[in-house]
Amino acid sequence: MKKTIFTLAFGAALAVQADEQRVTQFYITQPVSTLAPLRTDTSDVMGQAWDDSRTLLANVRDLKAWKRGTLTQDSVLAAPTRDAVRLIGFTLQNQDYAQVNIQVESIGQHEVSVDGTPGTSHPLTPGRHEVSIKLLQQADKADTLRISIDSKQQVIVNPTGKRPYDLKTLMYGNRLSRTTISADGRFVTLAKYTTSFDNKTSQETWLVDLKTNQRKVLQDNFEQWASAGHSYITSQTTVDGSVTYYLTDALTGNRSTLCTNASGERGYFLPGERLMLINKTTEGPQKEQGVYQILEPDDRIPGWRNRNNILLLDTRTGVLRTITEGQHNVYASPSPDNSRLLLSVFENKITERPFRFMSALVLDLETMKADTLFTHDGFVNGGRWSPDGQSIVFNGSPEAFQGIGNRVPKGMTPSMIEEELYLMNLNTKEVKPLTADFNPNIKDWKWSKADGMIYALTENRDNQDIFQINPKTGTIKMLRLSERYIFGFDLADQSRTLVYFGQSHSNSDRAYAVNLQNGRETILEDLNATRMADIELGEFGEWNFRAERGDTIHGRYYLPPHFDPNKKYPMLVYYYGGCSPVGRYLDSYYSFHGWAAMGYVVYVIQPSGCTGFGQEFSARHVNAYGNFTADDIIQGTKQFCKEHPFVNPDKIGCLGASYGGFMTQYLQTQTDIFAAAMSHAGISDPSSYWGYGYWGYSYSTISAANSYPWNNPKLFNEHAPLNLADRIHTPLLFMHGTDDTNVPINESIQLFNALKILGRETAFVAIEGEGHHIQDYPKRILWQNTIYAWFQKWLKDDPTWWEQMYPTKTLK
């Protein structure tokens, strides 16, 4: 059988039809003489005779040493004067999964490895791969070396240029997880973590001097900055469980002991560092052993019976003071002068939506008298003090405070995921909505002590941007920052300085310091420079369309590297899960640039129902279960194909997770435009999910507000993919973690069963021991590869990868 194998030999590309393709260029090291070791016995520990060749080859441990060798086309190797080992190497690259056989013809003993794995036959996942060959040359014997590869799939030998963005790039390497800034704005911490190829993760926190750029790694656990200056607090835990806290001057390094908490609880130091606020968990009554009673729907959730209360530790006297006790969960926010606590008291009431309610009290710590701000509001989630202690900003949904921030049209219910900010004057108890007419969705906020402004991290369509809010005038303006998807930020208390870290659509983590007076940014860390230095990405672009209902639906696309507009490409369509838009950042769990590197056009759509586009848009998620959202996805996919003739309309796949998994299933009951689909942890029957998922009934307070299977059966039944299973004709892959308590695995099982009974193309892959997200790295690799293999089978008409992972089993 003839095979088409593409060869790119360090400068020139050549497409060849051949039974095997010879590797004409490779790197080779100089021969390194080596001798057999002194042996104290005639056999090894297993009783086998010694093999000098195997021992000598094993002496070569660095399989990447060939990169320091000489590029050669000469296959005749001169004779060494003594037995010697050489290392030969070259690279392979494949866009699709490929099975490759590597053949080496040589007089000397040799061992072949690909990406460090020994053997001559290898399955290659998409990406670039390193082939290394250990060769033992005998003394005074020249050798003729011939290397060839054999594959049914397209493989590039010795590719030039940068390598593609692949699964290894996504999963391994360095990342940022947090950045903080000292009160005076001079010092910054950068928390990093590194995931290595052995799936181990290490973490470290760096201290950076913004004035000198001097850096060092902190040896103890960083807790927080002191409330003034540039001292920071670290902690150490001793063998008896006690925790000692230290205060260190970042400039001089002088360290002093702040306090030791013998009981081991951890907390947060209040301004002045004399008091530490501790959230104390009290265990509730234990369940009976073996046979036990469930008290409430949430009683199935581990730890639900426990309650949180507040303690204060005096660091000078060591006295641990109990502030709250009782059967309610209580959380606290301290006033700037430490004299008062804002207490958020939560109660459960299963007979009233949204089942959990908050009351807010201001507690005077000297008199222990509490002033009630409001009671029994199920749509407020928390609050923080103003720097002057005269106001509090609460965050909550548009229905908070009797709906004063509700801007959705009459007849619609706002999404509870939509977060607004509300300003309460503590003297008058008057509440003013700050962001009700502001489309971005609040994710986090901080009130600056330096300039009195509120800085809010928001979902701004599919970006995460920071906005400055003037609490006096209500003016809101966006900070123009280098990164458009910000993961986290911090403010200096005594300086108009902000630090943040984030990504954008085509770059990895970067961290910056921002002068808020002039907007000038200083880059603190650029992991992209090293992680992506040799990575080639395809083109990214925005593409929006006007839906039939008249509004604009936003989206974006990713094209393969070396894109050819005259070709026809398969396409993957992706959309939101939960209620948040699909973020515009590089290292996504679902890797858009990674899919593009495999030869797909990728279309990411932000359909009706997600946050970040305003209250009315997100309210389309409520009491819809696919209405509006499915229409947008179908219309957008058709229109994208119409406007982009390089998409093969017969080879379009779609995929999503959680609510996106539900949408994947539901879409197949509404259209036949997709050639394959993948649902991860998707809901197949809103009624069974409502009753069985840990958060099914409470999530329905968002997605199906005031609707239940008994009072709105039309919503629950007519939108259930399970009840519409006979309409599904698209090959549909189900993937689910066996320990998923968010969307239990029965949601995939029952629709899979239905499609099998109907004789439809379907597959079901369970991930043992995993929950709603696949966290175990080896399992995550298999999970990712399963998705890739499924679409290679149906969108590229190549079942090789799928059959390698899941061989056909003929059971009757």
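The values are calculated or read from the model by the stated rules, or taken from the named source; none is laboratory data. A quick note: this is a predicted structure, and the numbers were derived from the prediction, not measured. Here the Cβ positions follow ideal geometry from the backbone for every residue, glycine too, while neighbour counts run over all protein chains shown. Ligands, DNA and RNA are stripped out before the accessible areas are found, and what is left, the full protein with its side chains, is counted by its heavy atoms. Shrake-Rupley method; radii C 1.70, N 1.55, O 1.52, S 1.80 Å.
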Among helices (runs of 4 or more DSSP H) entirely within the stretch 571-655, at least 3 residues that are touching a Phe, Trp or Tyr at 6+ places or on another chain (Cβ under 9 Å) and open to solvent by 10 Å² or more (accessible area, probe 1.4 Å) occur in 629-643
Among residues of the stretch 233-244 being free of Cβ contacts under 8 Å to residues at least 40 places away in the same chain and assigned to a strand (DSSP E or B), the residue farthest from Thr257 (Cα to Cα) is Thr237
Restricting the stretch 197-217 to residues that are aliphatic (A, V, I, L, M) and open to solvent by 40 Å² or more (accessible area, probe 1.4 Å), the one nearest to Asp776 (Cα to Cα) turns out to be Val217
Listed by first then second residue, the pairs whose first member lies in the stretch 622-635 and is over 21 Å from Ser688 (Cα atoms), whose partner is open to solvent by 10 Å² or more (accessible area, probe 1.4 Å), with beta carbons under 7 Å and at least 6 positions apart or on separate chains, are Phe628/Arg620; Ala630/Tyr666; Ala630/Gln670; Ile634/Gln670; Ile634/Thr671; Ile634/Ile673; Gln635/Glu548
Check: Mind checking whether some residue in the stretch 174-196 is surrounded by fewer than 18 Cβ atoms within 10 Å (Cβ to Cβ) and either without any contact (Cβ under 8 Å) to a residue 12 or more places away in the chain or within 16 Å of Thr252 (Cα to Cα) (or both)?
Finding: no
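Condition check ((1) of a type outside the set (D, E, K, R); (2) closer than 21 Å to Val431 by Cβ; (3) modelled with pLDDT under 95) across all residues:
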| site | (1), (2), (3) |
| --- | --- |
| Arg340 | no, yes, no |
| Val345 | yes, yes, no |
| Val362 | yes, yes, no |
| Leu365 | yes, no, no |
| Val380 | yes, yes, no |
| Arg384 | no, yes, no |
| Gly389 | yes, yes, no |
| Gly403 | yes, yes, no |
| Lys410 | no, no, no |
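In this structure, does Ser256 turn out to be more than 30 Å from Ala705 (Cα to Cα), free of Cβ contacts under 8 Å to residues at least 24 places away in the same chain and in contact with a strand residue (DSSP E or B) (Cβ under 6 Å, 6 or more places away or on another chain)?
Numbers: more than 30 Å from Ala705 (Cα to Cα): yes; free of Cβ contacts under 8 Å to residues at least 24 places away in the same chain: yes; in contact with a strand residue (DSSP E or B) (Cβ under 6 Å, 6 or more places away or on another chain): yes.
Yes: the conditions hold for Ser256.
Condition check: hydrophobic (A, V, I, L, M, F, W, C), within 26 Å of Ser397 (Cα to Cα) and more than 23 Å from the chain's Cα centre (by Cα). Does Phe640 satisfy that? Break it down stepwise before answering.
Values: hydrophobic (A, V, I, L, M, F, W, C): yes; within 26 Å of Ser397 (Cα to Cα): no; more than 23 Å from the chain's Cα centre (by Cα): yes.
No: the conditions fail for Phe640.
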Filtering the stretch 542-564 down to residues that are open to solvent by 40 Å² or more (accessible area, probe 1.4 Å) and either touching a His at 6+ places or on another chain (Cβ under 9 Å) or of a type in the set (A, V, I, L, M) (or both) yields Glu542, Asn544
message = Among the residues of the stretch 448-460, are any farther than 26 Å from Leu527 by Cβ and of a type in the set (D, E, K, R)?
response = yes
So, first residue in contact (Cβ under 8 Å) with a residue 12 or more places away in the chain in the stretch 327-340, second residue assigned to a loop (DSSP other than H, G, I, E, B) and open to solvent by less than 40 Å² (accessible area, probe 1.4 Å), Cβ within less than 7 Å, six or more apart or across chains; the pairs are Val330/Thr324; Pro334/Leu270; Ser335/Gly389; Pro336/Gly389; Asp337/Gly389; Asn338/Leu270; Ser339/Leu365; Arg340/Leu365
Among the residues of the stretch 788-809, the number that are polar (S, T, N, Q) and without any contact (Cβ under 8 Å) to a residue 12 or more places away in the chain is 1
Across the stretch 545-571, the tally of residues that are of a type in the set (S, T, N, Q) and either touching a Lys or Arg at 6+ places or on another chain (Cβ under 9 Å) or closer than 28 Å to Val499 by Cβ (or both) stands at 1
A careful count of residues in the stretch 789-812 that are within 24 Å of Asp740 (Cα to Cα) and open to solvent by 20 Å² or more (accessible area, probe 1.4 Å) gives 2
All-but-one check, Val155 against (1) surrounded by fewer than 20 Cβ atoms within 10 Å (Cβ to Cβ); (2) within 16 Å of Val23 (Cα to Cα), failing number (1)
Can you find a residue in the stretch 499-514 that is over 30 Å from Phe563 (Cβ atoms), of a type outside the set (Val, Ile, Thr) and open to solvent by 30 Å² or more (accessible area, probe 1.4 Å)? no
Condition set open to solvent by less than 70 Å² (accessible area, probe 1.4 Å) and either assigned to a loop (DSSP other than H, G, I, E, B) or modelled with pLDDT of 85 or more (or both), scope the stretch 12-23, selection nearest to Phe90 (Cα to Cα): answer is Val23
By residue number, the members of the stretch 676-727 that are part of a loop (DSSP other than H, G, I, E, B), touching a residue at least 40 places away in the same chain (Cβ under 8 Å) and surrounded by fewer than 20 Cβ atoms within 10 Å (Cβ to Cβ) are Tyr694, Trp695, Ala705, Asn706, Asn712
Flagged in the stretch 228-281 as of a type in the set (Asp, Glu) and crowded, with 18+ Cβ neighbours inside 10 Å, in numbering order, are Glu273
| message | Being polar (S, T, N, Q) and surrounded by fewer than 21 Cβ atoms within 10 Å (Cβ to Cβ): is that true of Asn463 here? | response | no
For Glu761, the lone unmet condition from (1) under 18 Å from Leu655 (Cβ atoms); (2) under 27 Å from the mean Cα position of the chain (by Cα) is (2)
Going through (1) more than 35 Å from the chain's Cα centre (by Cα); (2) under 14 Å from Ala226 (Cα atoms); (3) not acidic (Asp, Glu) one by one, Ala262 fails only at (2)
Counting only residues that are open to solvent by less than 50 Å² (accessible area, probe 1.4 Å) and within 19 Å of Asp83 (Cα to Cα), the stretch 37-64 contains a total of 6
Requiring at least 2 residues that are under 23 Å from Ala789 (Cα atoms), the strands (runs of 3 or more DSSP E) wholly within the stretch 91-158 are 98-105, 121-124, 127-137, 146-151
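Output the residues belonging to the stretch 753-768 that are open to solvent by 40 Å² or more (accessible area, probe 1.4 Å) and either over 30 Å from Asn717 (Cβ atoms) or not in a loop (DSSP other than H, G, I, E, B) (or both).
Scanning the stretch 753-768 gives Asn753, Lys756, Ile757, Phe764, Ala766, Glu768.
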The strands (runs of 3 or more DSSP E) lying entirely within the stretch 328-439 that contain at least 1 residues which are open to solvent by less than 30 Å² (accessible area, probe 1.4 Å) are 329-334, 340-348, 356-364, 370-377, 380-385, 391-396, 420-425
Looking at the stretch 708-721, is at least one residue closer than 23 Å to Glu770 by Cβ and either modelled with pLDDT of 95 or more or of a type in the set (Asp, Glu) (or both)? yes
